[in-house]
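Right, one structure below, let's go through it.
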Amino acid sequence: MRIVVGHANPDFDAYASTVAAARLFDGSLGVYLGSQNANVRAFHNLHEEFLPFTDLKGLELAKIDSVVMVDTRDPRRIGELSEVVTRADVEVVIYDHHRPQEGDLVGADDRSIDTGSTTSILVHELRRRGLDPPPLEASLYLLGIHEDTGSLTYPGTTAFDADAAAWLLARGADIEVLNQFLSRALDPAQRDLLEQFEESLEVWPINGQRIAVGVASADEYVDSASVLTHYVVEDLGYRAAIGIVSMPERLQVVARSRLAEVDMGAVMAHLGGGGHAQAASAGFRELSIPEALARVRGALEAEVRPPVTASDVMSSPVRSIGPEVSMRAAGDVMARWGHGGLPVVDGQILMGLVTRKDVDKALRHELDHAPVKGFMGRSVVTVGPEADLPELERLLASRGIGRVPVVEDGVMVGIVTRKDVLRAQHGSSYLEGGPFAGSPGAARRFKAGVEALLPPKARGVLEVLGQVAADQRVRAHVVGGFVRDMLIGRENLDIDIVVEGDGVAFGDAAAKALGIQARSHLRFGTAVLVVSKELHVDIASSRSEYYSRPGALPTVERSTLRQDLFRRDFAINAMAACLDPGCFGQVADPFGGLGDLDAGVVRVLHGLSFVEDPTRVLRAARFEVRYGFDMDADTEQHAVRAVELDLLSEVSGARVREELLDVLSEADPVSVLRRLDELGALAEILPVGGSGSAALYSVTEALVAADGLFEGATRLDRTGLLLAGLAGAGRRDGIERWIRHYRIGRDGARASLELSACGGTEKALADGRGMRDSRLVRMLQDLAPETIAILWARGSDVSRSRIERYVRTLAAIRPSVSGADLIALGAEPSEAFSAILARTRDDLVDGRAVGREAELANLRRRSVRAGLISSRKDPA
């Protein structure tokens, strides 16, 4: 026979768990041991006949061979059934959500999980087995979860509990049942006890914590005295409280806590009771209130941990700057370390605080050279090292400030930020999702993108990299544009991996696992895996960057994943996806990139982004057009400001060239260039004298020429064509200097260079007088097709007509005679061959000698005239 039993004096969690386990283990009987909780008793009295309970008095204990214990592991808490569960011939299964304690049963099949409610564990098991509960049971299970999690508000509550609650609601759980049986309304006897509590309430300072302790007495038994401590904690505002109630033949101690450092379960264990960290109790038969108070104080002193103070969470030493430092330099320091503000100190004396907003304001007013003392805030709120978390939270919340310097004896010893306080209160994963803040939906989108868009070989590489990370016990993430494109369903094989550890060691291990070689760069902590001609994987240690001046190459330092993402350009590119098998596809999104993707927004991570790297202006315009996105107002303002400050001129030509080539490689480069013109940036990257409007016209018409003039007959270098279009918008004498500045390669620059040297050709093409076809061919035959396209694009009607005739007709004309025919005629090879053949081609193009016989005769005549062969005499 199998029974299910919860601890004596069950709450709704134990009671509901008993019913759930009875359903899970078909044929088992639930044992109700009676409860002092009036609401549980009321529920049982109403529903007893509909639930699988049996009377303990009717059980033959000797026939029990299997016991399911719920909401406890301690055999002492199940009354006389403790004798059964300790028998060697009895199988015991345990479901509990409390942490193990001394005295727990050993050797059982323990299926416990650390979560907010035992009922949640059993509900998930029912769900896994497809055992949908009827609405009555679903409502009861929901009662159990809500009671033990404080309606999902207690610190021990997990997503596991919330998921179970949601499933129960979908199965017909009735919220009105919760309203009825979780009611905190007090009866007259309970109200009398509460008044005694309030009158006797003392606050004990225990190891730096404040514990509210109250006592009360009743002449007769009072149900649910535990509700009183709930009122003390929830309604009177104390974070931890203990109530001692003396009743006939019983003294009850009930405890509640919302402080992580005050584990009431551990405190009550000292008194022979139990429970969990947020709610626990103990009972005595022969103990006076003074004796109980003494024992409670001793238990508290043994278990309560000191509060977290400013000295525990502050950053130290503090990065600070002097009052004479320029605003631009202050912004560089903030950008380097990802700070939102910096203390300003003179020696060891705190003078004020300067924030990133202050730096942005200085840039807007062209005062980035000014010292920080003119912008810093001077009324600085400070705390001492002993300030606790509640005080820190109050200051940050009420003053609307982001950081509080910690000062001791007039000297700043540390600084506490909002992030420090929130992490101390809620754990290190609170702000970043540990470290994955992306939603499950984002993970599904990423995985779907990988499955649909990557070839099998690339998917296999990601799986191997994830397994290597797991084997090395490091976190590996694919980052940047690859994550962005997988999320929006766009092909991308540009795979960048960031490792929270040694990137070079990881690259070597990954190469070995893939059976390939890794090219490592120890100095930079990077490696490249050449998987195939099409697939290269870049690996780097997580790192941060800072810029010594606008446009400079970044200085790199090892850092965290979050800092690595912070160094990137836009929020949509500052996401990472986990590769480890245990979290594959989970998206780290510390800066809101997912929201920007869904909203269609290109947003910089901070106001100095374009100052640090002005080429990001080109990138922002490119992403806008490629994805159909828009910069948010602040980002656009920062971009325009960077252009107005002429920051692009401070960037090396090679770096601008790379961004420009990326722009020209886009599917719609004209729209990107048009957007750059709107931002004022296009004219900044053209040759001297170039205007944005002229460049847009030239490039647009060049593309028209490429599509219509050549009609696919000639394969054009699209990049070279567009570069020539931009070059043609400037003065002819500035094109060579422009090419040198941007270090454009010979092939890409050919059309641009030819354009700079063909002013006479343009003039001749536009001349309205007649022109022989042979002259037209000689003018154009040695020019790159990209140059011809630009000449057509910027030409007059006469020019265009002549170029069209050349491209569509004349360029295809090929003489049928060659140097071999000259030799056959008896000519000795010489430099004169080229001139003779050129003249014969002119004759062919101009229609004077057409056809093989006519061309041979013409070749003979011109050879004789040039003295290459003797004239043939008439035999007569």
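The values are calculated or read from the model by the stated rules, or taken from the named source; none is laboratory data. The model shown is predicted, which means the values in this text are computed figures rather than measured ones. Positions of Cβ are generated from backbone atoms using ideal geometry, with glycine treated the same way; all protein chains shown enter the neighbour counts. To get the accessible areas, we keep the full protein, side chains included, count just its heavy atoms, and leave off ligands, DNA and RNA. Shrake-Rupley method; radii C 1.70, N 1.55, O 1.52, S 1.80 Å.
Report note on the peptides 583-594, 842-853: ranked by the mean count of other C-beta atoms within 10 Å, highest first, their order is 583-594, 842-853. Using alpha carbon centroids, what distance separates the stretch 276-320 and the stretch 9-81, in Å? Cα centres, the stretch 276-320 to the stretch 9-81: 33 Å. Sorting the segments 70-78, 632-640 by their mean number of nearby beta carbons within 10 angstrom, highest to lowest, gives 70-78, 632-640.
Bridgeable aspartates and glutamates around K512 (alpha carbons under 19 Å apart, same-chain partners fewer than 8 residues away excluded): E463, D471, D496, D502, D538, D580. Per residue, the average separation of C-alpha pairs within less than 8 Å and at least 6 apart gives the stretch 1-79 a relative contact order of 47 percent. Remark: relative contact order (the chain) = 5 percent; criterion is Cα-Cα distance under 8 angstrom and separation of 6 or more residues.
Checked against a 24 Å cut-off, the cross-linked pairs K357/K419; K373/K419; K457/K533 give Cα-Cα distances beyond that limit for K373/K419.
Listed as lacking a disulfide-compatible partner in the chain: C758, by the criterion of no other cysteine Cβ under 4.7 Å.
Using C-alpha pairs below 8 Å separated by at least 6 residues, the relative contact order for the stretch 271-411 is 23 percent. The Rg/Rh ratio for the stretch 805-876 is 1.02, where Rg is the radius of gyration of the alpha carbons and Rh is the Kirkwood radius.
Please work out whether the stretch 676-732 counts as rounded, prolate or oblate from its C-alpha gyration tensor, where a ≥ b ≥ c are the square roots of the eigenvalues and a/c under 1.5 means rounded, while otherwise a/b larger than b/c means prolate and anything else oblate? It is prolate, given that a/c is not under 1.5 and a/b is the larger ratio. Counting only protein heavy atoms and using a 1.4 Å probe, the accessible area of Y154 comes to about 30 Å².
Net charge in the neighbourhood of A854 (other residues with Cβ under 10 Å of its Cβ; Lys, Arg +1, Asp, Glu -1) is -1. Peptides 718-730, 272-284, 304-316 ranked from most to least packed, by the mean per-residue count of other Cβ atoms within 10 Å: 718-730, 272-284, 304-316. Against the longest alpha carbon principal axis of the chain, how many degrees, from 0 to 90 and to the nearest 10, is the axis of helix 118-128 turned? The helix 118-128 is inclined about 50 degrees to the chain. Quick one: grab the alpha carbon gyration tensor of the chain, order the square roots of its eigenvalues as a ≥ b ≥ c, and give me rounded if a/c is under 1.5, else prolate or oblate depending on whether a/b is larger than b/c. Since a/c reaches 1.5 and a/b is larger than b/c, the shape of the chain is classed as prolate.
Compared with the dominant principal axis of the Cα atoms in the chain, helix 135-149 is inclined by about 90°.
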